[in-house]
Structures are given as C-alpha cells and as structure tokens.
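The values are calculated or read from the model by the stated rules, or taken from the named source; none is laboratory data. Source: prediction; values computed, not measured. Positions of Cβ are generated from backbone atoms using ideal geometry, with glycine treated the same way; all protein chains shown enter the neighbour counts.
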Amino acid sequence: MKLHTRLAAMLLAMASAPLASAATPDAAKTLDYIHHAWSTLTRQMADCSAFGKGPGDTHLVIYLPHQLPMPKALPRIAKACQVEVRRLPQTIHQLGELDAATLPGQGLLYLPHPYVVPGGFFNEMYGWDSYFIELGLLADHHTALARDMVDNALFEVQHYGGVLNANRSYYLSRSQPPFLSAMMAALLADPASFRDATDRRAWLAQAYPLAVRNHDLWLRPGHRAGDTGLARYFDYGHGPVLEAHDASYYQGVIRWLLAHRAADPGYLVQASQHPDAAETERLKAASCDVTASKVCAGAWVDGYRLSADYYLGDRAMRESGFDVNFHFGPFAGATHHYAAVGLNSLLYRYERDLHDFAVELGKTADAARWQQASAARQAAMDQYLWQPAQGMYMDYDFVAGKPSTDPYLNTFYPLWAGAASTAQAQALRGKLALFEQRGGLAMSTRTTGAQWDAPYGWAPTNWLAIAGLDAHGFHTDARRVAGKFMASVDRGFAADGTIREKYNMAQGNAAVKITAGYTQNVIGFGWTNGVYLKLHQLLDHATTPAPASSKQPGTLGD
C-alpha cells in the first residue's frame with residue numbers, strides 16, 4: 001500500500017537529509033520521548049525498582065546464586081524494599097539443572113548491575129530484548145548502562161547456567177534467542193564502552209569463556225534438531241510453564257482446537273476433568289501431572305487435555321521469543337520439531353563472533369575450531385533450510401523430514417548473520433514483497449489472530465531484515481523499509497503518546513487486535529526504542545558499508 005504524498009515526501013527527506021535536519025516534527029517528538037524513556041525503564045536493586053511481583057508470586061522474594069557471597073548492601077536494601085532474600089539450593093552449571101517447581105516460591109533472580117526492562121508488566125531483564133535495547137543505549141551514548149546490560153547477561157551465564165528468558169526463578173529451564181555474542185560485539189565496537197585498550201582486552205578475556213559456555217548450551221542433546229547438525233528451541237521443563245498463574249491460556253488453546261478439529265496435529269488428549277489414580281498416572285506421560293500443578297489440573301475443556309508433546313512445544317515457543325504464532329503449528333505447539341532458520345542464523349553469527357574474539361585474544365586453536373563450526377552450520381543450513389525453488393530459507397521440520405511451506409520473516413536472518421551467499425541474498429531480496437506492507441515488514445503472509453503472524457510487525461525482526469539488506473548492499477530497500485517502520489512508530493506515538501511492543505503493518509500504526517494468545521500491546525517499549533534509534537541512524541547516515549559477504553568471517557559490529 002502506498003504512503004500518502006506528504007508522508008512519502010517526509011520519508012524521502014529523512015532518507016537524504018543530514019543528521020541535524022533529518023527529523024520531522026513528529027519524529028522529533030518520538031525521539032525526545034525515547035531519549036527520556038531510558039531512565040523510566042531502568043531497574044536496579046538498590047532502589048526497589050526491580051522488585052515488582054511476577055505472575056503467581058505471593059510475596060516479594062529475591063534469589064541469590066548458591067555460591068555467591070552476600071552482596072554487602074543487599075540486606076539493607078531488602079529490608080527497605082520489604083523483600084525476602086533466599087539462596088538457590090544448589091550451584092547451577094546449566095539450564096534445567098534446578099527444577100524451579102521445587103522452590104518454596106518463585107521470585108526475582110539477583111543481578112548485580114542496573115538494567116533496562118521492556119516496559120509494562122515486563123519488569124525483568126529479558127534475553128533477546130536486551131540486545132536491541134543495548135543497541136539503542138549505545139546509539140544514545142548510554143555506554144555505561146549498555147555495558148551493565150552485557151555484564152548482567154554474562155553473570156546469568158556464570159551463575160544461572162545461561163542467558164535466561166528473564167531473571168525470574170521460573171525461567172531457569174530455558175534461554176531465549178542467542179544474542180550474547182552480538183551484545184559483546186556491539187559493546188566492543190564502541191570505544192566509549194571501555195577506559196582504554198587494556199580495559200577492553202581484560203573485559204574480553206573474562207567474557208569470552210562465558211560466551212563459549214552460553215554457546216555450548218545450544219549443542220546439548222535437548223537443543224539438537226535430530227541429526228541435521230542444526231539446533232532447535234527447547235525448554236528443559238515439562239507440562240505447563242510455571243509462570244502461568246492459571247489455566248486460562250491453555251483452556252483457550254483447547255477450545256480453539258475443538259473448534260478447528262481438522263487443524264489439530266494431535267495436541268488433544270481425551271481425559272477426565274477429575275481423573276482417578278490410574279488415569280492420573282497415565283496422564284503424567286500423556287499430558288501433565290495434575291497432582292503437581294494446579295494449572296495442569298485446570299487445563300481441561302469438554303473432555304480434553306493437551307498432550308505432553310504440545311507442552312514441550314509451548315515451552316520451546318517461549319524460548320524462541322515468538323509467543324504466540326501459528327507458523328510452528330497451532331499456537332506454535334510444534335516449535336521443538338523444527339530446525340529454525342532464525343536460531344541457526346543466530347548461532348552461525350555467534351560462532352563467527354567467537355572466532356573473532358578468539359583471534360583478538362590470540363587463541364589460534366579456538367579460532368580454527370569456531371571457523372570449522374560456523375562452516376559446518378552454514379553447510380547444514382544450505383542443505384536443510386535453503387529452498388532453491390522458493391528462493392528462501394524455510395524452517396525445517398526434522399520430525400516429519402520436510403521444510404515448512406509457510407513463508408516467515410526469519411528467512412531474512414541469514415542476511416544479518418552473514419550466512420547467505422550473494423545469489424541467496426539476491427533471491428531473498430526478491431521476496432520482500434511477500435512481507436512488506438504500509439508500515440514495514442509483517443511476520444508472515446497469513447493472518448491467524450496471533451501476535452507473531454501477519455499483519456503484525458515487530459522492531460527486532462524488522463531491524464534484522466533491514467540491517468541484513470543494508471549489509472548486502474540493498475541500501476534503497478533497507479532505507480525504504482526503515483522509513484515505513486519508523487513512520488508506524490511515529491503514527492502510534494502521535495495517536496496516544498506511547499511507544500508499543502508491536503505494530504500493525506497493514507495499517508502502519510499501533511492498532512493491534514489479537515485473538516489467539518496474548519492480547520495486550522504493551523507500552524514501553526525497550527526494543528522498539530532501541531531499533532527506532534538505529535533506524536534513525538540508518539536514514540541519517542547515507543553510508544555504504546561493504547556487504548557482510550556471506551561465507552566470510554563476521555565483524556565486531558552490530
């Protein structure tokens with residue numbers, strides 16, 4: 001859909017004007033809001049701002065790592081904030097090692113540094129949000145806070161087994177899309193982040209082994225996508241997620257499946273509302289343990305429960321960050337069946353970053369190992385994910401042994417990661433029309449009512465596609481899409497003075513009506529703020545970077 005004449009002229013001016021004059025009045029207001037929003041979204045344990053209750057929390061609790069010495073100021077802060085301090089019962093080496101369901105209650109996980117939250121009820125430091133927030137902080141010259149964010153992520157790896165979905169105890173079984181190396185690379189690329197070269201090298205020397213440890217969690221058996229050599233999303237828990245404080249979401253899934261029986265992949269399991277002892281025992285394997293979880297017990301509608309495999313997929317969906325979508329099955333219940341394009345692109349980039357870190361640290365053997373690992377992943381991506389007939393990367397269902405036929409915006413991730421060849425990049429550029437709408441890039445080509453499908457678009461996925469296009473020399477396309485997404489944010493801000501979690505790409509505004517899954521369009525919003533600033537930089541600076549030539553080592557930039 002074409003933009004009206006005034007807006008088209010505005011975007012053309014934005015694309016060609018210098019930094020001092022690029023912003024229109026509307027964009028200037030948006031920028032001013034973002035510049036002042038970082039402080040409102042910053043949390044730290046020294047001023048009680050981090051201690052809001054999470055879903056299901058009965059009172060405020062903060063958990064310390066089992067082996068961490070008591071931070072000197074924490075008892076005083078806990079008393080002032082009326083927070084109970086507890087220690088985790090064991091040292092955690094990897095995700096899933098501690099079953100959070102065995103804790104006496106759920107609570108916040110301690111982080112040593114300030115951090116920026118997404119906004120609204122998202123009052124924690126989230127795994128993949130943090131990368132896009134960091135990019136915004138660096139663009140806005142908040143380098144100390146950006147470094148705090150990266151250091152907190154590294155602290156999670158050291159003490160909680162990996163970068164977490166977010167720093168709550170019920171997330172100890174899963175991570176989120178792996179952007180840790182990209183967070184490190186962005187920080188390293190900004191000279192203002194370090195006192196001097198000695199500080200920079202010392203920081204990298206400490207961070208590197210933790211980055212390796214975090215990468216290795218994606219090589220564990222649970223995260224392997226069969227024998228493809230690729231990875232999948234996977235949560236090391238079972239049954240309904242612990243953050244669900246009631247069964248209403250799962251009841252909604254059952255009702256939808258009952259109303260769309262032909263679309264049920266086998267998620268529905270016939271069961272009693274109040275099973276006897278024998279059926280209860282069978283349901284532990286077939287569905288979930290009704291005696292261990294009130295949410296499991298309540299997840300029943302008209303004679304049906306959800307299968308154990310659905311719950312695994314539901315958990316994997318939450319690790320993917322794409323919650324909720326219908327691309328990976330209804331309500332994304334088959335997420336764990338897929339070698340996902342997005343995940344493996346991120347891991348390819350991660351391995352290229354680790355190669356670069358190793359080179360900088362003089363670790364020659366490590367650098368060679370990461371070179372081999374990234375080359376092997378790239379070959380597997382070409383074998384299983386690249387579909388020449390479609391000219392796109394497609395997620396691969398390794399359980400069924402076939403690629404998805406549903407185009408999804410993660411097809412552009414390999415451009416950002418540097419994993420696509422010149423020919424593949426050219427083919428992907430030709431698929432922009434499948435996703436590009438008035439307001440930017442929609443997640444998919446079909447409307448399902450879920451927030452991670454059409455017509456909705458999100459700042460992080462728009463940025464990865466735009467940055468990938470720009471890195472491969474498709475500057476006109478990148479700037480056009482950037483202008484469209486920025487205009488969506490500007491329209492939304494002009495309408496109600498807020499910046500939102502997601503946007504309607506068909507309308508080019510924040511009018512979002514979700515009918516499957518989460519219904520809110522949360523105000524804040526950390527990653528939208530960060531991406532808006534990066535898009536502003538892109539439009540303000542008519543630079544022509546060298547293509548992120550696929551099949552070549554990555555760089556220490558973002």
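What to note about this one:
- Whichever residue in the stretch 153-171 is within 16 Å of the chain's Cα centre (by Cα) and part of a loop (DSSP other than H, G, I, E, B) and, among such residues, is farthest from D32 (Cα to Cα): G162
- Qualifying residue in the stretch 419-432 (condition: free of Cβ contacts under 8 Å to residues at least 12 places away in the same chain, more than 22 Å from T30 (Cα to Cα), surrounded by fewer than 22 Cβ atoms within 10 Å (Cβ to Cβ) and not small (G, A, S)): yes
- Flag for L210 being under 19 Å from the mean Cα position of the chain (by Cα) and either part of a helix (DSSP H, G or I) or modelled with pLDDT under 95 (or both): no
- Those residues of the stretch 253-284 which are under 35 Å from the mean Cα position of the chain (by Cα), not basic (K, R) and not in a loop (DSSP other than H, G, I, E, B), in sequence order: V253, I254, W256, L257, L258, A259, A262, A263, L268, V269, Q270, L283
- The single condition among (1) closer than 22 Å to L343 by Cβ; (2) modelled with pLDDT under 95 that C81 does not meet is (1).
- Applying a threshold of 9 Å to beta carbon distances and a minimum spacing of six or more residues, or different chains, the list of pairs starting in the stretch 189-217 at a residue that is farther than 25 Å from F234 by Cα and ending at one that is among the acidic types (D, E) and in a loop (DSSP other than H, G, I, E, B) reads A189/D558.
- Yes/no for V150 being within 17 Å of the chain's Cα centre (by Cα), within 18 Å of W203 (Cβ to Cβ) and not in a helix (DSSP H, G or I): no
- When F357, F331 are checked against the criterion of being closer than 30 Å to I254 by Cα and aromatic (F, W, Y), a single residue qualifies: F331.
- Residue match in the stretch 87-103 (condition: among the hydrophobic types (A, V, I, L, M, F, W, C), under 26 Å from K502 (Cα atoms), assigned to a loop (DSSP other than H, G, I, E, B) and touching a strand residue (DSSP E or B) at 6+ places or on another chain (Cβ under 6 Å)): no
- V163 meets each of the listed conditions (1) crowded, with 24+ Cβ neighbours inside 10 Å; (2) in contact with a strand residue (DSSP E or B) (Cβ under 8 Å, 6 or more places away or on another chain) apart from (2).
- Looking only at the stretch 432-448, and only at residues there that are assigned to a loop (DSSP other than H, G, I, E, B) and among the hydrophobic types (A, V, I, L, M, F, W, C), the one that is nearest to N410 (Cα to Cα): M443
- Matching entry among A277, A263 (being free of Cβ contacts under 8 Å to residues at least 60 places away in the same chain and either of a type in the set (S, T, Y) or on the phi < 0 side of the Ramachandran plot (or both)): A277
- Residues satisfying the stated conditions in the stretch 71-86, i.e. in a loop (DSSP other than H, G, I, E, B) and either under 22 Å from L210 (Cα atoms) or in contact with a strand residue (DSSP E or B) (Cβ under 7 Å, 6 or more places away or on another chain) (or both): P71, V83
- Among the residues of the stretch 149-160, the ones that are among the charged types (D, E, K, R) and surrounded by fewer than 23 Cβ atoms within 10 Å (Cβ to Cβ) come to 1 in all.
- Qualifying position, being in a helix (DSSP H, G or I), in contact with a strand residue (DSSP E or B) (Cβ under 7 Å, 6 or more places away or on another chain) and surrounded by fewer than 22 Cβ atoms within 10 Å (Cβ to Cβ), among R491, R480: R491
- Scanning the stretch 309-337 for residues that are small (G, A, S) and under 17 Å from R174 (Cα atoms) gives G313, A316, S320, G321, A332, G333, A334.
- Just so you know, in the stretch 291-323 the residues that are of a type in the set (A, V, I, L, M) and within 17 Å of H245 (Cβ to Cβ) include one that is surrounded by the most Cβ atoms within 10 Å (Cβ to Cβ), and it is A299.
- All conditions in (1) of a type in the set (S, T, N, Q); (2) over 27 Å from K402 (Cα atoms); (3) in contact with a Cys (Cβ under 8 Å, 6 or more places away or on another chain) hold for S287, with the sole exception of (2).
- Pair list, Cβ under 6 Å, 6 or more apart: the stretch 166-178 residue in contact (Cβ under 8 Å) with a residue 60 or more places away in the chain and under 17 Å from L88 (Cβ atoms), other residue buried (at least 24 other Cβ atoms within 10 Å of the Cβ) and among the hydroxyl-bearing types (S, T, Y): S169/Y63
- In the stretch 371-418, the qualifying residues are those that are among the small types (G, A, S) and in contact with a strand residue (DSSP E or B) (Cβ under 9 Å, 6 or more places away or on another chain), and the one that is farthest from T445 (Cα to Cα) is A380.
- Enumeration of residues in the stretch 376-392 that are in a helix (DSSP H, G or I), out of contact with any helix residue (DSSP H, G or I) (no Cβ under 6 Å at 6 or more places or on another chain) and of a type in the set (A, V, I, L, M, F, W, C): A376, A379, A380
- Residue, farthest from G161 (Cα to Cα), within the stretch 61-85, restricted to residues that are among the aliphatic types (A, V, I, L, M) and touching a residue at least 40 places away in the same chain (Cβ under 8 Å): V61
- Evaluation of H245 against (1) surrounded by fewer than 17 Cβ atoms within 10 Å (Cβ to Cβ); (2) at pLDDT 95 or above; (3) touching a Pro at 6+ places or on another chain (Cβ under 9 Å); (4) of a type outside the set (G, A, S) (one fails), failing number: (2)
- Among the residues of the stretch 321-375, just one is more than 23 Å from the chain's Cα centre (by Cα), among the small types (G, A, S) and assigned to a loop (DSSP other than H, G, I, E, B), namely G362.
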